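What follows is calculated from the coordinates using simple rules that are stated; it is not laboratory data. In this text, all values refer to a predicted model and were calculated from it rather than measured experimentally. As a convention, Cβ positions derive from the backbone with ideal geometry for all residues, glycine included, and neighbour counts pool all protein chains shown.
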Amino acid sequence: METQTEQFECAVIGGGLAGLCLAIQLADHGISVVVFEKNKYPFHKVCGEYISMESWGFLESLGLPLSDLDLPIIKNLGITSDRGFVLNHRLQMGGFGVSRYSLDHHLFEIALKKGVKVMENCRVQNVERDGEQAHYVTTSLGVFRADVVCGSYGKYTPQFIQLHENQDTPNNALNYIGVKFHIKTEFPADRIELHNFRDGYCGISRVDQGWNCLCYLTTSRNLLENRKDVRLMEENVLYQNPFLKQYFTQSEFVSRQPLMISNVHFRKRQTNSDGIFLLGDAAGSITPLCGNGMSMGMRASQMLAKELILFFEKKQGRESALKNYQLAWNAAFGTRINAGYHLQKLFGKSRTTDFALRTLHSMPALTDRLIALTHGEPF
Ligand SMILES: Cc1cc2nc3c(=O)[nH]c(=O)nc-3n(C[C@H](O)[C@H](O)[C@H](O)COP(=O)(O)OP(=O)(O)OC[C@H]3O[C@@H](n4cnc5c(N)ncnc54)[C@H](O)[C@@H]3O)c2cc1C
């Protein structure tokens, strides 16, 4: 294995949204950063691709000219039950649609321009700490040295990261799968819909390239009960919702091959592991029902960048950076994650969901309050 001589002030494991946003902000402050990404850009990801408006200004501040990209601005929400009820609601903050293929690629290019070293096709295999300052990051492309290591590797915790057992073991938590397609169909650009079915829900909203993102989450049990056959599960379970049946049977699929992830759990994890700063889904993930995991990852990158900049400017030590980041993270996301967990219980159940939607239909102020719990103010 090649041993790289290059040393970096900061190494970032995982070049998704959270990792790239962090790297860009650090590079803006003259900090040398390397990002390790196991894939090659651009690439697709399972994600609903709806971003809460809270992140618009932040992304533009990183150098992403969103206003020039002609993206769909989403202001209307429709939620259906499999019994055919539709709750329509005007979103106060709303969001916008952009595919992860495009978004992560834009951020990758900005990072490169700002001097971040991005190692593609490069999987991190281990991190070892040597004294106070040095970390040795072993990757498929060699060993790198960095003063600070950040983990933004997403929802699957690598083996070399130690999390407290009680926070990250699945135990009796539900095990989900996520499936995504891009489709072409008649669909208003300013609308997002969430369609419930037994033990799951499916979102649809416009993204770039005139595509719509059709993305659903369900329990792995649903798939097992349908011989692990996604198409069969869609026909037997998702089609019970008449709206979904229409989208699945009357749309043009950009590719009929689904993009899939399994073994997904939603929970708060922790903001550091043995001195490695964690952000994005690595620190905690929220049910996609709340639709704001991406904004959480970006906001966490901003909070962490602030602490790391103080650390590199020698205005605070490592321990206080770890502590301050943890406090900021809990204050920003604790309520949101709990709200997502409880809201999730109202969805994906035929009778309960139908009843909840009919109740919310007559109480628009309550609907506004519930939705507000799932996102934060612009940052
Ligand atoms: C079904 C579903 C729908 C969703 N819909 C939405 C939505 O509509 N809106 C929203 O805001 N959020 C949504 N989310 C949540 C959102 O996708 C995540 O919160 C967001 O992607 C987290 O970003 P991240 O940077 O932490 O992780 P990721 O985007 O997953 O990035 C992690 C990166 O790390 C890389 N990596 C992992 N391990 C290694 C390694 N060892 N070495 C090198 N690289 C590595 C991966 O290849 C990946 O690129 C959804 C989630 C699911 C499951």
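The table for this structure:
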| item | result |
| --- | --- |
| Solution diffusion estimate, µm²/s, Stokes-Einstein, the range 1-114, Kirkwood Rh from C-alpha pairs, 20 °C, viscosity 1.002 mPa s | 132 µm²/s |
| Length-normalised contact order for the range 1-132 - Cα pairs under 8 Å, 6+ apart - percent | 34 percent |
| Segment THR249-THR359, extension gain: residue separation times 0.36 nm, minus the distance between their alpha carbons | 36.6 nm |
| Once the Cα gyration tensor of the range 182-323 is diagonalised, semi-axes √(5λ) in Å | 39, 19, 11 |
| Isotropically averaged projected area of the chain, using the convex hull of Cα atoms (one quarter of hull area), nm² | 18.3 nm² |
| Added length on full extension, which subtracts the Cα-Cα distance from 0.36 nm per residue, ASP28 to LYS314 | 101.3 nm |
| nm² value of the averaged projected area, convex hull over the Cα atoms of the range 171-226 | 4.8 nm² |
| Rounded to 5, percent antiparallel among DSSP beta bridges of the chain | 70 percent |
| Span-rule helices in the chain, defined as complete DSSP H runs reaching 20 Å or more along the axis (Cα) with Kyte mean at least 0.0 | 293-312 |
| Candidates THR335, THR139, THR218: whichever shows maximal mean-square fluctuation once the chain is modelled as a Gaussian network with Cα springs under 10 Å | THR335 |
| The range 25-48 and the range 262-327: distance between their alpha carbon centers, rounded to Å | 15 Å |
| 16 Å cut-off, amide nitrogen to a point 7 angstrom out along GLN7 Cα→Cβ, residues in the range 24-49 | 31-34 |
| Unit charges on C-beta of K, R, D, E only; dipole of the chain, Debye | 1020 debye |
| Neighbour cut-off at most 12 other Cβ (10 Å), DSSP loop, GluC sites (Glu not before Pro), the range 1-67 | GLU2 |
| Per-pair calculated FRET efficiency, R0 = 45 Å: ALA134 and PHE379 via Cβ, rounded to 0.05 | 0.85 |
| Radius ratio Rg over Rh of the range 23-88, counting only Cα atoms, Kirkwood formula for Rh | 1.12 |
| Which listed pairs, of LYS180/LYS228; LYS40/LYS113; LYS40/LYS180; LYS268/LYS315; LYS40/LYS228; LYS184/LYS245, have C-alpha distances above 21 Å, in listed order | LYS268/LYS315; LYS40/LYS228 |
| Within the chain, helix-based [θ] at 222 nm, where runs of 4 or more DSSP H residues each add -39,500 (n - 2.57), nearest 500 | -10500 deg cm²/dmol |
| Computed over the chain: relative contact order in percent, which uses C-alpha pairs under 8 Å that are six or more apart | 23 percent |
| Lys/Arg +1, Asp/Glu -1 at C-beta; the range 230-330 dipole; positive extreme among VAL264, ASN241, SER251 | VAL264 |
| Potential lengthening between ALA189 and ASN338 on full extension [0.36 nm per residue; Cα-Cα distance subtracted] | 50.6 nm |
| The range 196-273: relative contact order in percent, alpha carbon pairs under 8 Å with at least 6 residues between | 22 percent |
| Distance histogram for the range 268-379 (every C-alpha pair counted, 10 angstrom bins, percent rounded to whole numbers) | 13, 38, 26, 14, 7, 1 |
